1. Is there a residue being open to solvent by less than 20 Å² (accessible area, probe 1.4 Å), in contact (Cβ under 8 Å) with a residue 24 or more places away in the chain and outside any helix (DSSP H, G or I) anywhere in region 491-499?
2. Out of GLY399, GLY427, I need the residue that is without any contact (Cβ under 8 Å) to a residue 60 or more places away in the chain and open to solvent by less than 30 Å² (accessible area, probe 1.4 Å). Which one?
3. Name the residues in region 295-345 that are basic (Lys, Arg) and assigned to a helix (DSSP H, G or I), would you?
4. Which residue pairs have Cβ atoms closer than 9 Å, lie 6 or more positions apart in sequence or on different chains, and pair a first residue in region 569-580 that is more than 16 Å from LYS554 (Cα to Cα) and in a strand (DSSP E or B) with a second residue that is polar (S, T, N, Q) and open to solvent by less than 40 Å² (accessible area, probe 1.4 Å)?
5. Here's a check for you: in region 348-377, which residue that is farther than 19 Å from SER294 by Cα and acidic (Asp, Glu) is most open to solvent (accessible area, probe 1.4 Å)?
6. List, please: which pairs have Cβ atoms under 7 Å, are six or more places apart or on different chains, and start with a residue in region 287-301 that is crowded, with 19+ Cβ neighbours inside 10 Å and end with one that is polar (S, T, N, Q)?
7. Where in region 176-278 are there helices (runs of 4 or more DSSP H), lying wholly inside it, with at least 3 residues that are in contact with a Gly (Cβ under 7 Å, 6 or more places away or on another chain)?
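The values are calculated or read from the model by the stated rules, or taken from the named source; none is laboratory data. All values derive from a computational prediction rather than experimental measurement. In this analysis, Cβ positions are derived from the backbone assuming ideal geometry, glycine residues included, and neighbour counts consider all displayed protein chains. In case anyone asks, the SASA skips ligands and DNA or RNA and just uses the protein heavy atoms, side chains included. Shrake-Rupley method; radii C 1.70, N 1.55, O 1.52, S 1.80 Å.
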Amino acid sequence: MRKITRVFTLDGFALSSVWVQLTAIFLVSAVSIFGMSLLIGDLPMSYRLFADPSSYAYLESRNELIFGIFQVLLGLVLFSFIISVLSAALIGLIEKIKSGTLSFNKKGHILFVNYNIKLPMILDEFDIKSYQDKKKQKVVLLFQNSATVADFRTEMDTGRWPNLEIYLRKGDLLSFQTYQRQGIFKALGLVILSPDDGTANFDRDNFNLKLLTLLVNNKKFFGYLYDRHLANQPVKCLLELSENKESRQIAKMLTTYEDANLFAITTPNDVIGSVMSRAMVDISYYNIFFETLSFAGPRIHFVDPMKIKKANNLVGKTFKDLLLSFSGGSLIGFSSAKEGKLNIQLSPFEKVLAAGDWLIILTDNIKAIKCAPTSNSPIDAKDVLAPNELNTKNIAVVGDAWPIGNIGDFIDRKSLENLNKSHFVFGTDEAYFTSDFQQSLIHSKYENIVINLRDDLGFRLSLIMANIKKEEIDFGSKIITMVENPVTDQLIREHSSQISTVLSHQLAARYIAQLAFQKNLEGLFTELAFAEGSEFNILEVGIHIPKDLLRSAKELQALLASKNLIYIGVIDKDKNIKLSAVDFKGVNQILVLSRGDL
């Protein structure tokens with residue numbers, strides 16, 4: 001009773017919800033209508049005076065005229081109260097939408113937590129995937145403060161992601177109630193990005209580990225993830241961390257239950273760092289990953305062999321036989337699930353397809369894959385030389401914005417020794433722009449000059465290098481510029497088609513987007529990126545393989561398979577890659593997948 005009476009005080013009314021305020025106003029209105037009807041003498045007339053002031057003109061008696069004017073005024077006041085309450089509620093609703101404090105009550109969404117520079121590029125990939133699926137994907141972006149929500153809303157180009165329904169939200173990320181309000185039990189996936197808050201890697205990892213601990217400590221949610229895993233309908237959960245091994249180990253320990261990995265724990269800098277190191281040797285390695293990590297390009301698919309049309313039973317056939325049977329893409333391996341763990345075998349030439357195994361196929365159109373058995377006739381491949389994984393390359397690196405990492409896994413010892421002598425890091429920015437230093441680069445015999453500076457310096461130095469002519473040859477073709485910002489990348493590319501750029505953040509964004517939909521790809525891309533196991537390699541036309549052997553794709557595929565090499569595609573003089581190409585005009589290199597040391 002005390003609570004009810006409090007509503008009719010000024011403080012109580014102001015602090016009540018909209019529905020309570022409206023109920024109070026309607027109660028006062030009802031009492032007013034019934035009470036004044038006793039004085040006016042007619043209930044219908046009392047209501048008409050309250051709702052329609054023009055009814056006052058029809059009054060005749062003295063009582064009606066006196067008390068009627070009070071009823072008209074009371075009606076105007078209470079109606080104005082209703083309008084004020086609804087206006088305030090609407091303003092509050094708009095403010096909640098702008099600040100991101102609303103709940104999300106729909107289902108089938110992807111929940112992103114935290115903001116970093118890669119998020120817009122990840123959404124680019126999600127938009128492409130939604131377009132391909134012909135279905136709008138709901139995406140909830142959950143940030144820690146209203147400023148981030150406001151900044152993202154201001155900068156967000158609504159036309160950039162036409163296939164996504166984006167909802168901006170904010171809340172206390174260390175409260176499980178926040179995730180419940182955003183429908184975490186109804187979400188298709190959860191992506192926790194490393195926060196871009198200006199802190200050190202340790203602090204960012206620590207914050208994300210706190211978020212992860214909060215989620216797994218909730219027994220209802222952890223049980224929900226495990227039940228979905230057992231039902232083969234897993235919630236796609238991903239956590240981004242730095243390359244710190246201890247952070248990754250802690251996260252793995254928290255999210256593993258009875259051999260089930262309920263979260264994909266990704267450290268993009270490891271895989272992307274290895275790709276970027278190899279890109280310093282040959283930009284084609286960057287291009288192939290840049291293409292295969294995008295939903296717009298060729299992708300890696302896990303295919304059930306039982307669902308391939310017009311294919312006889314493939315179980316028991318060797319990898320080589322199956323490799324030569326497929327067209328429209330490249331068979332690159334087998335996968336199998338044992339005791340809840342995925343086992344990936346790339347380039348398994350010595351293996352046969354076992355019952356329950358799936359095929360791993362690289363193609364830009366999975367519907368175009370065809371399987372037709374072929375006869376294995378003897379092939380003379382004596383003129384085909386396997387590539388050496390340790391390249392001989394004279395490389396110079398300018399700056400240390402990005403660690404050169406494991407580049408020693410991809411070049412021979414002499415090249416590594418020369419690189420150590422040709423890694424230029426100066427104490428001042430001006431030193432990179434001195435005439436003497438630039439002339440030393442111009443008159444050197446470097447095959448690749450890697451500009452590894454922060455974006456503003458790298459942009460300026462790239463422009464200078466792009467306009468240098470040396471012996472009638474575009475000197476810019478030697479330049480590989482490492483950049484983070486897509487705008488910087490676009491400006492350099494539009495200015496000079498000769499300079500190659502390596503866009504680290506976009507590569508990492510594509511990697512995260514792929515794992516968000518299929519966490520099984522983490523182990524596969526890790527193997528492809530590093531020197532161990534199977535990896536992409538390049539055959540130089542005229543050195544590793546004679547040009548006259550490039551007659552047909554099927555012939556080339558069989559020729560390479562006899563050397564345990566998988567034909568992936570071709571590379572032209574401009575470093576453009578075309579997968580499963582059948583036209584070899586203007587081809588400078590052949591891209592293959594091979595296993596082990598060559």
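1. As a first pass, look at region 491-499 and keep what is open to solvent by less than 20 Å² (accessible area, probe 1.4 Å): 492, 496, 499.
So of that shortlist, the ones also in contact (Cβ under 8 Å) with a residue 24 or more places away in the chain come out as 492, 496, 499.
Narrowing further to those that are outside any helix (DSSP H, G or I): 496, 499.
Yes, region 491-499 has at least one match.
2. On inspection, the qualifying residue turns out to be GLY399.
3. Narrowing region 295-345 to residues basic (Lys, Arg): 299, 307, 309-310, 317, 320, 338, 341.
Once the filter is applied, which keeps residues that are basic (Lys, Arg) and assigned to a helix (DSSP H, G or I), region 295-345 yields LYS307, LYS320.
4. Close Cβ pairs satisfying both conditions: ILE571/SER284; ILE571/ASN287; ILE571/GLN589; ASP572/GLN589; ILE577/SER284; ILE577/ASN287.
5. Within region 348-377, the subset farther than 19 Å from SER294 by Cα is 348-359, 369-377.
If we keep only those that are acidic (Asp, Glu) too, we end up with 350, 357.
Details: GLU350: 132, ASP357: 17 Å².
My answer is GLU350.
6. The qualifying pairs are LEU293/GLN514; PHE295/GLN132; PRO298/THR292; PRO298/THR363; ARG299/THR292; ILE300/THR292.
7. Details: elements: 176-181, 201-217, 219-230, 245-255.
Correct list: empty, since no element meets the threshold.
Residue-wise test of (1) at pLDDT below 90; (2) open to solvent by 10 Å² or more (accessible area, probe 1.4 Å); (3) touching a Cys at 6+ places or on another chain (Cβ under 6 Å).
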position	(1), (2), (3)
ASN163	no, yes, no
LYS219	no, yes, no
ASN232	yes, yes, no
LEU241	no, no, no
